[in-house]
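J.: Here it is, the structure in full.
The values are calculated or read from the model by the stated rules, or taken from the named source; none is laboratory data. Fair warning: this is a prediction, and the values are worked out from it, not measured in the lab. Cβ placement follows ideal geometry from the backbone for every residue including glycine, while neighbour counts extend to all protein chains displayed. For the accessible areas, the whole protein counts, side chains as well, though only heavy atoms, and no ligand, DNA or RNA atoms are used. Shrake-Rupley method; radii C 1.70, N 1.55, O 1.52, S 1.80 Å.
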Amino acid sequence: MAFLTSPDFWVALMQIILINIVLSGDNAVVIALACRSLPPKQQKNAIIFGSIGAIVLRVILTFFAVFLLSQPYLKLVGAALLLWIGIGLLKGDDGEEDIESNAGLMAAIKTIIIADLVMSLDNVIGVAAAAKGNVPLLIIGLVISIPLIIFGSTIILKLMNRFPIIITIGAALLGWVAGEMAVSDPAIKAYVDANMHYLHTVAPAVGAVIVVALGKYLASRAESAQEEAAADQPAA
């Protein structure tokens, strides 16, 4: 239990929790869409059982991700993917499909589990990266995150709409973790530690800046394109 006294443990734990909160807001939308046609009692059951099933699959995926990230060069790939996820978060490109409402309880639970599985790849990679192979940290972070995801995602989604800075902070965090992941890849870690130790600070900062700057730029371009398209529409 000595790891509980390590500042690095608590910093990484907070990263895991924040990553789960920021990246799970869209899951609340899926749950609401999948359950909206059910009676109130069945809605509650669908949310509980669907979320439990989704979380179990997420835990299994995360453990696989921890193993894969211990292999050479895969952390570099994971870092690039995390940068892409963070940029997409700011750009507003969640990549989620429309989820049809289901009349039956089992159909709603199935929809929640499948949709969450597809949409949680970003969570899995982000959490695995922040855990840095620390299994106790991974377990504690996921356990703490479960009630936050189930009961708090709707609130967080509303806060994101009201305070967009939360999205920016979350995206920057993903960039920071991506930078940390890249320089800790087994293929280059020994060289970086011996000759370029400063990269352990510089790379995360650069990753955060890249995500925020590029994400904001692409979001601005997309907004401008939408405004131009709206202006070109003939008046009714």
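J.: Let me spell it out: the conditions are (1) open to solvent by less than 80 Å² (accessible area, probe 1.4 Å); (2) modelled with pLDDT under 70, and VAL192 meets all of them except one. Which number is the exception?
T.: (2)
J.: Also: Which one is least open to solvent (accessible area, probe 1.4 Å), of the residues in the stretch 211-236 that are in contact with a helix residue (DSSP H, G or I) (Cβ under 6 Å, 6 or more places away or on another chain) and hydrophobic (A, V, I, L, M, F, W, C)?
T.: My answer is VAL211.
J.: Please go through the stretch 59-76 and pick out each residue that is touching an Asp or Glu at 6+ places or on another chain (Cβ under 9 Å) and open to solvent by 80 Å² or more (accessible area, probe 1.4 Å).
T.: TYR73
J.: Filter the stretch 193-228 for residues that are over 18 Å from LYS91 (Cα atoms) and outside any loop (DSSP other than H, G, I, E, B) and give the result.
T.: ASP193, ALA194, ASN195, LEU199, HIS200, THR201, VAL202, ALA203, PRO204, ALA205, VAL206, listed by residue number.
J.: Out of the residues in the stretch 172-181 meeting the condition of being at pLDDT below 90 and more than 13 Å from the chain's Cα centre (by Cα), tell me which one is surrounded by the fewest Cβ atoms within 10 Å (Cβ to Cβ).
T.: Here the answer is GLU180.
J.: Kindly check whether there is at least one residue in the stretch 130-148 that is surrounded by fewer than 13 Cβ atoms within 10 Å (Cβ to Cβ), modelled with pLDDT of 90 or more, part of a helix (DSSP H, G or I) and of a type outside the set (Val, Ile, Thr).
T.: No, there is no match, as no residue in the stretch 130-148 is surrounded by fewer than 13 Cβ atoms within 10 Å (Cβ to Cβ), modelled with pLDDT of 90 or more, part of a helix (DSSP H, G or I) and of a type outside the set (Val, Ile, Thr).
J.: Moving on to the next point. Filter the stretch 84-128 down to residues that are among the aliphatic types (A, V, I, L, M) and under 11 Å from the mean Cα position of the chain (by Cα) and give me whichever is modelled with the highest pLDDT.
T.: ILE85
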